[in-house]
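Notes to accompany the following structure.
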Amino acid sequence: MNGLKTALLLGLLSGLLLLIGEALGGHDGLVVGLFLAGLMNLVSYFFSDRIALAMYGARPVTPLENSHVYARLAPIVQRLCQRMGLPMPKLWLIPEESPNAFATGRNPKHASVAVTVGLLRLLDDFELEGVIGHELGHVRNRDILISSIAATLAAAITFVARMAFWFGGARSEEDRNGSPLAGLLMLILAPIAALLIQMAISRTREFAADATAARYAGTPDGLISALRKLELWSRRIPLDANPATAHMFIVKPFSADTLLKLFSTHPPTEERIARLQSMRFAYRPL
C-alpha cells in the first residue's frame, strides 16, 4: 500500500513541476519541468534522507562520535529493534534545543533516526523509549520513504515556484504581460499544493506509528508522557524548521514561519494522547 502511495505522490508532485514549467514557459518550460521532475524523483529516492539530515546539521551518533549519547540511546533502540524485527538504524544528533525527532531513509535497511539535543535533555528513558518506538514505527510501517520523498519534492517545488516568480519567462514575445501573474500564482499555489499533499499522507501515519510504539514498548504511557512534554516545550523553544520537512517530526515544529502556522501536518496532540490512553489495557509490559 505504501508503495502505491509513494508512486502516487511522485506522480502528483512531478505533475505539479510540469504544470509550473508549462505555465511559465509553454512547450520549452514543459520540457524543463519534465527534466526537473525526473531528476528530483531520482534524487529524492536515493538521497532524500541525506538531504533531510543535512538540512538540520545532524551529526552521527556512534561509539566513537557522540559516544555519551550513543551509550544512552543505543540500548533503547537495539531493544525495540529486536522486538520489531528491524535492523539497527543509523543514529543522528541534531544540535537544536527544541525537543523533537524524526526517522528517514528509503527502507528499513537504510533507515536513520535523528533526535535533537533538546529531546535528550527533556525526556527520561521511559519517555525516550516511547518516542524512539514511534520513529521505529514509521520504519516498520515503511512510512519513511514516502515521508522523505515528500520533503525533498515539496522543497524543490517551493524553490522552483520562487525562482519562477523572480525569473519566470513568458510563453512568447506577445505574452510577456501574463508572466508576472503566472509567476505570482505559482509562488503562492505550488507550496500550498505540496503541503496539502504532505498533510494528506501524514496524519494517519502518526496514529499508526503511535500504536506501533505502544505495542512494542508494552505500554503507551511513555509516549503519552513524552507527547505532553513535547507539545509544551516545542512551543516554548520553537524549531526553525523548513515547512517541507515539518511532517517528518514526531510533533509539529513551532516557529514563526507563516506556512507552518497555516498548515498542520500532524493530528492534534490531544487526539493522539486520547487514542493512546484507550490502548492502556491492550498491551502488557514487555
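The values are calculated or read from the model by the stated rules, or taken from the named source; none is laboratory data. Note that the structure is a prediction, hence the values are computed from the model and not measured. Please note: Cβ atoms are built from the backbone with ideal geometry, for glycine as well, and neighbour counts cover all protein chains shown.
Structure notes:
- Within the stretch 267-286, the residues that satisfy the criterion of being modelled with pLDDT of 75 or more and either in a helix (DSSP H, G or I) or in contact with a helix residue (DSSP H, G or I) (Cβ under 6 Å, 6 or more places away or on another chain) (or both) are Pro267, Thr269, Glu270, Glu271, Arg272, Ile273, Ala274, Arg275, Leu276, Gln277, Met279.
- Of the criteria (1) in contact with a Gly (Cβ under 8 Å, 6 or more places away or on another chain); (2) exposed (fewer than 15 other Cβ atoms within 10 Å of the Cβ), which one Glu127 fails: (2)
- For the stretch 234-250, the criterion of being surrounded by 24 or more Cβ atoms within 10 Å (Cβ to Cβ) and at pLDDT 95 or above is satisfied by no residue at all.
- Identity of the residue in the stretch 105-118, touching a residue at least 40 places away in the same chain (Cβ under 8 Å) and more than 15 Å from Met248 (Cα to Cα), that ends up surrounded by the fewest Cβ atoms within 10 Å (Cβ to Cβ): His110
- Where helices (runs of 4 or more DSSP H) fall wholly inside the stretch 105-181, the ranges with 3 or more residues that are of a type outside the set (A, V, I, L, M) and at pLDDT 70 or above are 125-140.
- Test for Val69: is it touching a strand residue (DSSP E or B) at 6+ places or on another chain (Cβ under 6 Å) and surrounded by 17 or more Cβ atoms within 10 Å (Cβ to Cβ): yes
- Of all the listed residues (Val61, Val77, Val69), the sole one being under 26 Å from Val251 (Cα atoms), modelled with pLDDT of 70 or more and more than 21 Å from the chain's Cα centre (by Cα) is Val69.
- The C-beta contact set for the stretch 190-219 (first residue at pLDDT 80 or above, second residue of a type in the set (Asp, Glu) and part of a helix (DSSP H, G or I), distance under 7 angstrom, 6+ apart or interchain) comprises Ala217/Glu129.
- Summed over the stretch 236-254, residues that are aromatic (Phe, Trp, Tyr) and in contact with a strand residue (DSSP E or B) (Cβ under 6 Å, 6 or more places away or on another chain) total 1.
- Residue match in the stretch 76-88 (condition: closer than 14 Å to Thr116 by Cα and either part of a helix (DSSP H, G or I) or touching an Asp or Glu at 6+ places or on another chain (Cβ under 9 Å) (or both)): no
- Pairs meeting the criteria (first residue in the stretch 63-80 and more than 12 Å from Leu128 (Cβ to Cβ), second residue outside any loop (DSSP other than H, G, I, E, B) and hydrophobic (A, V, I, L, M, F, W, C), beta carbons under 6 Å, at least 6 apart or on different chains) are Asn66/Leu93; Tyr70/Val61.
- Scanning the stretch 89-104 for residues that are over 14 Å from the mean Cα position of the chain (by Cα) and outside any strand (DSSP E or B), we see that the one that is surrounded by the most Cβ atoms within 10 Å (Cβ to Cβ) is Pro99.
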